[in-house]
Amino acid sequence: MSTENNQTNFEVPFDVIELPSKGLLYPGKNNTVKVQYLTAADENVLTSPNLIKNGKVIDVLLERKIKEFPIPIKDMLIGDRNAIMVWLRATGYGEIYPVKLTDPNTYDEFSYDVDLNNLKSKPLGADPDENGFFDFELPRSKKKIKFKLLTVSDESSIVKQSEARNKAIKSQVSNTLTYRLESQIQSIEGNSDKSYIAQFIQVMPAYDSLKFREYTDKIEPGIDLTVEVEGPSGETFPAGIPIGLDFFWPNSGV
């Protein structure tokens with residue numbers, strides 16, 4: 001009798017997640033993405049010292065979990081990426097996410113359990129033009145601008161650029177805000193010259209900067225990571241929910 005080795009092919013289960021952006025800014029307009037559930041093998045990624053040190057852990061995790069998406073993960077909108085991460089956390093480690101918050105009225109730190117199932121999805125709040133850009137008029141300077149929503153790659157580049165500058169000149173002042181504006185704004189009154197845009201941003205009225213940020217936050221698709229919390233003082237306040245490594249594994253100790 002011949003003996004055959006029995007081999008079992010295990011397939012990781014997946015689900016189809018609807019993107020908050022509906023794919024309106026992607027080639028092909030794909031509005032859903034196939035995402036595999038977290039496995040024990042993925043915990044090797046989440047606790048890998050090298051990946052944590054170089055800041056690649058989330059990127060590698062998403063590359064493993066997102067399947068058959070027509071664009072690189074780095075070109076995905078930040079809000080769509082966050083929606084996938086919330087789904088992975090809720091299905092992998094449970095929908096209750098414990099965080100530490102500070103009551104702005106008393107400055108006391110306290111623990112709070114966020115129910116991820118209660119976080120609301122935000123659709124794209126404005127119509128893009130044929131290039132995927134949006135229009136906005138700066139209220140103080142009255143300049144008409146075109147801007148884009150940031151991708152995962154854009155945000156990563158902004159952080160690296162700011163860190164490199166601070167290290168080079170040993171500055172404690174972060175230029176992250178102005179770098180973000182430079183990355184978002186594509187033209188000012190029809191002028192798309194990057195040098196011109198950078199110079200304008202340096203003297204851009206603070207009121208214009210504030211209102212522009214408020215508008216982009218309003219129209220950007222994703223998951224609303226702000227929750228209303230009652231602090232030890234008895235007063236309620238809005239609190240932002242951070243997404244980092246401990247979002248996936250708060251008791252990992254890494």
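Taking segment 1-26 as the region of interest, how many residues are modelled with pLDDT under 90 and under 22 Å from the mean Cα position of the chain (by Cα)?
Final tally of qualifying residues: 0.
From the list E228, E214, the one residue that fits, being of a type in the set (D, E, K, R), within 30 Å of L116 (Cα to Cα) and not in a helix (DSSP H, G or I), is E228.
Scan segment 24-33 for residues that are in contact (Cβ under 8 Å) with a residue 12 or more places away in the chain and in a helix (DSSP H, G or I) and report the count. Spell out the reasoning first.
Taking segment 24-33 and keeping what is in contact (Cβ under 8 Å) with a residue 12 or more places away in the chain, we get 24-28, 30-33.
Okay, now just the ones that are also in a helix (DSSP H, G or I), so 27-28.
Here the count works out to 2.
Within segment 185-208, residues that are in contact (Cβ under 8 Å) with a residue 24 or more places away in the chain and exposed (fewer than 11 other Cβ atoms within 10 Å of the Cβ) have Cβ atoms under 8 Å from residues that are part of a helix (DSSP H, G or I) and not basic (K, R) in these pairs: Q202/T178, counting only partners at least 6 apart in sequence or on another chain.
Whenever a residue of segment 212-234 is aliphatic (A, V, I, L, M), its partners that are surrounded by fewer than 16 Cβ atoms within 10 Å (Cβ to Cβ) and not in a helix (DSSP H, G or I), lying with C-beta atoms within less than 7 angstrom and at least six residues away or across chains, give the pairs I219/G125; I219/A126; I223/S121; L225/G240; V229/Y112; V229/T236; V229/F237. Answer with yes or no whether N105 is open to solvent by less than 80 Å² (accessible area, probe 1.4 Å), of a type outside the set (K, R), over 29 Å from L24 (Cβ atoms) and modelled with pLDDT under 95. Spelling it out, it is not the case that N105 is open to solvent by less than 80 Å² (accessible area, probe 1.4 Å), of a type outside the set (K, R), over 29 Å from L24 (Cβ atoms) and modelled with pLDDT under 95.
Taking the conditions (1) crowded, with 18+ Cβ neighbours inside 10 Å; (2) among the polar types (S, T, N, Q); (3) part of a loop (DSSP other than H, G, I, E, B) in turn, S233 satisfies each one other than (1). Could you say whether any residue in segment 165-179 is among the aromatic types (F, W, Y), free of Cβ contacts under 8 Å to residues at least 24 places away in the same chain and open to solvent by 80 Å² or more (accessible area, probe 1.4 Å)? There is no residue in segment 165-179 that is among the aromatic types (F, W, Y), free of Cβ contacts under 8 Å to residues at least 24 places away in the same chain and open to solvent by 80 Å² or more (accessible area, probe 1.4 Å).
Candidates K29, K67, K22: the one that is within 30 Å of N131 (Cα to Cα) and in contact with a Gly (Cβ under 6 Å, 6 or more places away or on another chain) is K29. Please enumerate the residues belonging to segment 13-58 that are among the small types (G, A, S) and either open to solvent by 80 Å² or more (accessible area, probe 1.4 Å) or over 22 Å from S153 (Cβ atoms) (or both). A40, A41 - these are the residues of segment 13-58 that are among the small types (G, A, S) and either open to solvent by 80 Å² or more (accessible area, probe 1.4 Å) or over 22 Å from S153 (Cβ atoms) (or both).
When restricted to residues that are over 23 Å from A40 (Cβ atoms) and among the small types (G, A, S), segment 59-118 contains 3. Tallying residues that are without any contact (Cβ under 8 Å) to a residue 12 or more places away in the chain, over 27 Å from E220 (Cβ atoms) and in a helix (DSSP H, G or I) within segment 34-85 yields 4. Is it the case, given these coordinates, that P242 is under 22 Å from I73 (Cα atoms) and either open to solvent by 60 Å² or more (accessible area, probe 1.4 Å) or assigned to a loop (DSSP other than H, G, I, E, B) (or both)? When the stated conditions are applied, P242 passes them.
Every condition in (1) under 23 Å from P72 (Cα atoms); (2) modelled with pLDDT under 90; (3) surrounded by 18 or more Cβ atoms within 10 Å (Cβ to Cβ) is met by L150 except one, and the failing one is (2).
Looking only at residues that are assigned to a strand (DSSP E or B) and not charged (D, E, K, R) in segment 13-23, which one is farthest from I71 (Cα to Cα)?
The first filter runs over segment 13-23 and keeps only residues assigned to a strand (DSSP E or B), leaving 14-18.
If we keep only those that are not charged (D, E, K, R) too, we end up with 14, 16-17.
On the way: F14: 19, V16: 16, I17: 16 Å.
So the residue we want is F14.
The values are calculated or read from the model by the stated rules, or taken from the named source; none is laboratory data. Since this is a predicted model, take the numbers as computed values, not measurements. Every residue, glycine among them, receives a Cβ derived from its backbone with ideal geometry; neighbour counts consider all protein chains shown. We work out accessible area using only protein heavy atoms, side chains counted, and drop any ligands, DNA or RNA first. Shrake-Rupley method; radii C 1.70, N 1.55, O 1.52, S 1.80 Å.
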